[in-house]
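Chemist: One structure follows; several queries about it will come next.
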Amino acid sequence: MTAAPPLRERKKQRTRQALIDTALDLFGRRGFGAVTLDELCDEVEVSKRTFFRYFAGKEDVAMAPLHDMWRVFLDELETIPADGGPLVELMQTALLAALDRVADEAWAGRAVLSYRLSQETSTMDAHNLHFCESTMGSVIEVLHRRLDLPDDPRTRLAGDMLVAAWRVAVGEWSAEADGPPSVPALAARFRDTVAALPGSLTLTAAPRQEERVGRQ
């Protein structure tokens, strides 16, 4: 049985989560640009100094649910057994394990709000792209340190394909209108998008029938 974190650590976790939940609520109701950092801190009753112990800014707190999952993904990559199979499959297994560690129904709701805000807010989208690039650099470093991989573009391309599959899966999942968001549904969509990667590389670009007729 895992021991509970010390009281001080639990308090820090509660403060951090309160900042995330309050930020997502305020940004969702009023818009990202309409909420100041002072207002967010006042709502949670913490100082800006305390806020900056947890987050670099408004974009960082708004993207925290999804970014936390990727940080756990890096942890999983450090220990996941490698059996010589395809690299994308190994990374898929690590990401699903990370999702299982961080995700519950509360996380799912936060993740949907975070994703939708990122699609509506240019500064959040830019922040997300910067985080993605930084994280991918860490992924490549871990993979090359742990595994016997060639020094060519294939490792980076495998990582980028995994990220692309994840983004497609999250986008489709967040757009579902049938009931509250479900973590198993997200995992299933992610598996489906990863499974579609090989076919996307061999997808042919044949013209439509009507276009061929028009050229005749």
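The values are calculated or read from the model by the stated rules, or taken from the named source; none is laboratory data. Fair warning: this is a prediction, and the values are worked out from it, not measured in the lab. Heads up, the Cβs are rebuilt from the backbone with ideal geometry, glycines too, and the neighbour counts pull from every protein chain shown. Note: areas computed on protein heavy atoms with side chains; ligands, DNA, RNA excluded. Shrake-Rupley method; radii C 1.70, N 1.55, O 1.52, S 1.80 Å.
Chemist: Scan the helices (runs of 4 or more DSSP H) fully inside the range 124-216 and keep the ones with 3 or more residues being closer than 20 Å to M91 by Cβ and under 23 Å from the mean Cα position of the chain (by Cα).
Modeler: In the range 124-216, 154-174, 183-195, 197-201 are the helices (runs of 4 or more DSSP H) which contain 3 or more residues that are closer than 20 Å to M91 by Cβ and under 23 Å from the mean Cα position of the chain (by Cα).
Chemist: Separate question: Can you find even one residue in the range 79-95 that is outside any helix (DSSP H, G or I), open to solvent by less than 40 Å² (accessible area, probe 1.4 Å) and over 26 Å from V139 (Cβ atoms)?
Modeler: No, that holds for no residue.
Chemist: If you don't mind, there's one more thing I want to ask. Scan the range 8-37 for residues that are closer than 13 Å to L117 by Cα, small (G, A, S) and surrounded by 14 or more Cβ atoms within 10 Å (Cβ to Cβ) and report the count.
Modeler: Result for the range 8-37: 2.
Chemist: Within the range 12-33, can one find any residue that is part of a loop (DSSP other than H, G, I, E, B), without any contact (Cβ under 8 Å) to a residue 40 or more places away in the chain and aliphatic (A, V, I, L, M)?
Modeler: Taking every residue of the range 12-33 in turn, none turns out to be part of a loop (DSSP other than H, G, I, E, B), without any contact (Cβ under 8 Å) to a residue 40 or more places away in the chain and aliphatic (A, V, I, L, M).
Chemist: If you check V112, V142, V194, which single one turns out to be touching a residue at least 12 places away in the same chain (Cβ under 8 Å), open to solvent by less than 80 Å² (accessible area, probe 1.4 Å) and under 27 Å from K58 (Cα atoms)?
Modeler: V112 is the lone residue from the list that is touching a residue at least 12 places away in the same chain (Cβ under 8 Å), open to solvent by less than 80 Å² (accessible area, probe 1.4 Å) and under 27 Å from K58 (Cα atoms).
Chemist: Can you name the residue in the range 32-47 that is small (G, A, S) and modelled with pLDDT of 95 or more and, of all such residues, is farthest from T123 (Cα to Cα)?
Modeler: S47
Chemist: Of the residues that make up the range 97-107, is at least one among the aliphatic types (A, V, I, L, M), buried (at least 17 other Cβ atoms within 10 Å of the Cβ) and modelled with pLDDT under 95?
Modeler: yes
Chemist: Something else now. What about F73, is it more than 15 Å from the chain's Cα centre (by Cα) and either buried (at least 18 other Cβ atoms within 10 Å of the Cβ) or on the phi > 0 side of the Ramachandran plot (or both)?
Modeler: no
Chemist: Still on this structure: Looking at the range 49-59, which of its residues are open to solvent by 50 Å² or more (accessible area, probe 1.4 Å) and within 17 Å of K11 (Cα to Cα)?
Modeler: R49, F52, R53, Y54
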